[in-house]
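Worksheet: one structure, shown below.
The values are calculated or read from the model by the stated rules, or taken from the named source; none is laboratory data. This one's a predicted model, so the numbers in the text were calculated from it and none came from an experiment. Cβ placement follows ideal geometry from the backbone for every residue including glycine, while neighbour counts extend to all protein chains displayed.
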Amino acid sequence: MFLRFVSQSIRRSPRRKTMTVAAVAMGTAVATAMLGVMLDIGDRVNRELRSLGANLMVTPKARSLPVEIGGISYRPVSAQDFIPEDQVKKIKSTFWQLNITGFAPSLKASASLDGRNVPVEGVWFRRRFRGADGSMLEAGLRTVNGEWKVDGRWIDDRDRHDPALEAPLEAMLGGAVARRIGAKPGDTVQLFGQPFTVSGIVSTGGEEEDRIFVRMEVLQRLVNRPGQVDAVQVGALTKPEDEFARKDPTKMTPKEYDRWYCTPYISSIAHQIEEVLPMAVARPIWRVADNEGKVLGKIRGLMLLITLAALASAGLTVWSVMATTVLERRGEIAIMQATGAGNGLVAALFSTEVALEGAAGGLIGSWVGLLMAGWVGRAVFQTSLETPAMLGPVVVGAAVLASIAGAAQPLRRALLLEPAVTLRGGE
């Protein structure tokens, strides 16, 4: 009897039922698309931000209080005042190695150019090496700062890192340096008494424009510092810092420490880098890390707001339709009440009808929403988004709840009416 009543009720007013299903489907589609993007956007945006620069800086412990002016270190070099170049690759052996998208070691010096001292950095531009699992990995300036604008070409040192090979003397000039001396790609500049060919001009809008970049092994040879590195830029995918991440690890309980260690906070990744490089300290570049967290937080907040607004819109549509339906069928409700049906049974009958409409709209909307999320991923990130398998069922459940919530107030109002008054045609 219950199911027959529900099936007969659903067949009434097909246009009204179609409008309810369509409204729920539209709200669910938007909610599914927003949630699908929001759940996968963290790593995507992080990877985009990682191409704009590093968020960690690794330096020797002996330089915990460095004296640098204009990127040039004025501390005397001691036996422990460097990071061994052959140890740098261990950065990719930490627990969060997959979150480390790139790293770039550098050696700093200064050279006279056109009567002025200019910071010179010896760097890896793009180096290939074999990881612990045997896979080929890449590191270098291009992996960390791939979005730099270069007039000319990047220096290619993929096959030039063997000290036994005589590397070409090439340099990439920062835009400010190039403008000051009037240099362009293909010109020759004198550095350390040697002629360097200008391969490209770097434009970043930052302090890098006041520097000159050369191959690591070339600068090591010219300043007599073989196998030494002054700093390592690291780009890592991180989780925005929260209150828990700001706790002092030394004061955490073992359970809290395990949670912190196994969460990709920038502080925990820095700690693990220090574990594999005991002669170094890893410090977050907070102006970058904080901005990442704020950007991700605002994007996620906006998407969550749109999701809630879409579901609320669907609920309001159900409320409007249900109010009209209850108004038309209050005589039927009064007869059921007068013949012994309790308010619970009447509410269950109408709630089941609304829940089925919400489920139908939710199924259609979740399918459309997944297609929309895939389109957003391809349009914005040029790749498909990876949505959790449980997203569809969760959104369908949310659609059902939103539909029932929208129908609750009109149905409650109808149940409060006296059957006798309603059957006599009164209010």
> From the set of residues in the range 159-188 that are in contact with a helix residue (DSSP H, G or I) (Cβ under 7 Å, 6 or more places away or on another chain) and surrounded by 15 or more Cβ atoms within 10 Å (Cβ to Cβ), which is modelled with the lowest pLDDT?
Replying inline: His161
> Mind checking whether some residue in the range 108-131 is of a type in the set (Lys, Arg) and assigned to a loop (DSSP other than H, G, I, E, B)?
Replying inline: yes
> Of these, Val144, Val120, which one is among the β-branched types (Val, Ile, Thr) and under 26 Å from Pro195 (Cα atoms)?
Replying inline: Val120
> Failed condition for Gly186, given (1) touching a Ser or Thr at 6+ places or on another chain (Cβ under 9 Å); (2) of a type in the set (Gly, Ala, Ser); (3) closer than 30 Å to Asp81 by Cβ, with all others met?
Replying inline: (3)
> For Gly186, which of the numbered conditions (1) assigned to a loop (DSSP other than H, G, I, E, B); (2) more than 40 Å from the chain's Cα centre (by Cα) fails to hold?
Replying inline: (2)
